[in-house]
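Data block below; observations after.
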Amino acid sequence: MNGSAIPKDASPAPARGLDRSVVLVGLMGAGKSCIGRRLAKQLGLRFVDADAEIEDAAGRSISEIFEQFGEAYFRDGERRVMARLLGEEPCVLAAGGGAFMDPETRDLIRTQAISVWLRADLETLHARTKGRTHRPLLNKGNAKETLQTLMDTRYPVYAEADITIETGHDNPNVTCKRVLQALQEFKDTAQKDNAS
Ligand code: S3P
């Protein structure tokens, strides 16, 4: 066999061959879409952005949904879209920041998927969301204070995720690698538990 017959990716990325979706949770600006795209590529799974799916289903942007119908209506749509996506073939799913706060959605994620919380500090979240206008919750009042309030209420719930990864100033490829490693460890532990 000559050298060129060896596939380039002969040593597969950790955690390949997952039979469940990976759901990325975390606050706005945590990097769910950015890391999710890279992760999906490494895992050989499709990447799905829940916010984009909600917009497609509604035929409107998230800002328009909030404006025209209110947050409760958005959350109903988000719950339905998350349930549909979690029932489909495994993927890497970037959830909107509020999705994991819904008990029904959280329960579905717990039973159908592996959840990864991308945990970031206030400064990081603020820097990454500043100047962007597509997130209605951050468009009114003081965005930094809003993020702090959301951290206070949501972080104890996000902490229920299967895996927590601190994200900060690391290059996204480094964060992606750490998520892959953690998924592999999660998979190994689950296999051991099943065998005993
Ligand atoms: C929200 C986060 C947004 C989007 C909506 C509400 C939230 O998604 O779903 O604006 O409640 O945290 P991202 O976290 O992807 O920005």
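The values are calculated or read from the model by the stated rules, or taken from the named source; none is laboratory data. No experiment lies behind these values; they were computed from the predicted model shown. As a convention, Cβ positions derive from the backbone with ideal geometry for all residues, glycine included, and neighbour counts pool all protein chains shown. In case anyone asks, the SASA skips ligands and DNA or RNA and just uses the protein heavy atoms, side chains included. Shrake-Rupley method; radii C 1.70, N 1.55, O 1.52, S 1.80 Å.
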Subject >> Residues of the range 71-86 satisfying the condition of being near the ligand (Cβ under 8 Å from one of its atoms) and of a type in the set (F, W, Y) >> reply: F74
Original post:
Quick one: would you say A15 is open to solvent by 20 Å² or more (accessible area, probe 1.4 Å), hydrophobic (A, V, I, L, M, F, W, C) and either farther than 24 Å from H169 by Cβ or at pLDDT below 95 (or both)?
Top reply: no
Original post:
If I65 satisfies every condition in (1) within 24 Å of R46 (Cα to Cα); (2) part of a helix (DSSP H, G or I) but one, which is the exception?
Top reply: (1)
Original post:
Looking only at the range 69-107, which residues are closer than 22 Å to R37 by Cα, of a type outside the set (A, V, I, L, M, F, W, C) and not in a helix (DSSP H, G or I)?
Top reply: G87, E88, E89, P90, G96, G97, G98
Original post:
Do we find that D107 is more than 13 Å from the chain's Cα centre (by Cα), under 21 Å from V48 (Cβ atoms), without any contact (Cβ under 8 Å) to a residue 24 or more places away in the chain and surrounded by fewer than 18 Cβ atoms within 10 Å (Cβ to Cβ) in this structure?
Top reply: yes
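If we scan the range 127-135, do we find a residue that is aliphatic (A, V, I, L, M), more than 15 Å from the ligand (Cβ to nearest atom) and either surrounded by fewer than 15 Cβ atoms within 10 Å (Cβ to Cβ) or more than 24 Å from S21 (Cβ to Cβ) (or both)?
Applying the first criterion (aliphatic (A, V, I, L, M)) to the range 127-135 yields 127.
If we keep only those that are more than 15 Å from the ligand (Cβ to nearest atom) too, we end up with none.
No, every residue in the range 127-135 fails to be aliphatic (A, V, I, L, M), more than 15 Å from the ligand (Cβ to nearest atom) and either surrounded by fewer than 15 Cβ atoms within 10 Å (Cβ to Cβ) or more than 24 Å from S21 (Cβ to Cβ) (or both).
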**OP:** Filter the range 136-164 down to residues that are over 17 Å from the mean Cα position of the chain (by Cα), within 13 Å of the ligand (Cβ to nearest atom) and not in a loop (DSSP other than H, G, I, E, B) and give me whichever is surrounded by the most Cβ atoms within 10 Å (Cβ to Cβ).
**Re:** L147
Original post:
What tally of residues in the range 41-52 results from selecting those that are under 15 Å from E88 (Cα atoms) and either open to solvent by 50 Å² or more (accessible area, probe 1.4 Å) or under 11 Å from the mean Cα position of the chain (by Cα) (or both)?
Top reply: 5
Subject >> Residue in the range 110-119 that is nearest to the ligand (Cβ to nearest atom), counting only those that are touching a Leu at 6+ places or on another chain (Cβ under 7 Å) and either of a type in the set (K, R) or open to solvent by less than 30 Å² (accessible area, probe 1.4 Å) (or both) >> reply: L118
**OP:** Test each condition in (1) among the β-branched types (V, I, T); (2) modelled with pLDDT of 95 or more; (3) crowded, with 16+ Cβ neighbours inside 10 Å for T167 and report the one that comes out false.
**Re:** (2)
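Go through the range 11-38 and give me each residue that's within 15 Å of the ligand (Cβ to nearest atom) and of a type in the set (A, V, I, L, M).
Of all residues in the range 11-38, those within 15 Å of the ligand (Cβ to nearest atom) come to 23-37.
Matches in the range 11-38: V23, L24, V25, L27, M28, A30, I35.
Take the residues in the range 87-104 that are more than 9 Å from the ligand (Cβ to nearest atom) and in contact with a strand residue (DSSP E or B) (Cβ under 9 Å, 6 or more places away or on another chain), then tell me which one is nearest to D19 (Cα to Cα).
The initial filter retains those residues of the range 87-104 that are more than 9 Å from the ligand (Cβ to nearest atom), namely 87-93, 100, 102-104.
Still in the running and in contact with a strand residue (DSSP E or B) (Cβ under 9 Å, 6 or more places away or on another chain): 88-93, 100.
Working: E88: 11, E89: 9, P90: 6, C91: 9, V92: 11, L93: 14, F100: 21 Å.
Going through the qualifying residues, I end up with P90.
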**OP:** Output the residues belonging to the range 170-196 that are of a type in the set (V, I, T) and open to solvent by 30 Å² or more (accessible area, probe 1.4 Å).
**Re:** V174, T189
Original post:
So, in the range 59-70, of the ones that are within 12 Å of the ligand (Cβ to nearest atom) and without any contact (Cβ under 8 Å) to a residue 24 or more places away in the chain, which residue ends up surrounded by the most Cβ atoms within 10 Å (Cβ to Cβ)?
Top reply: I65
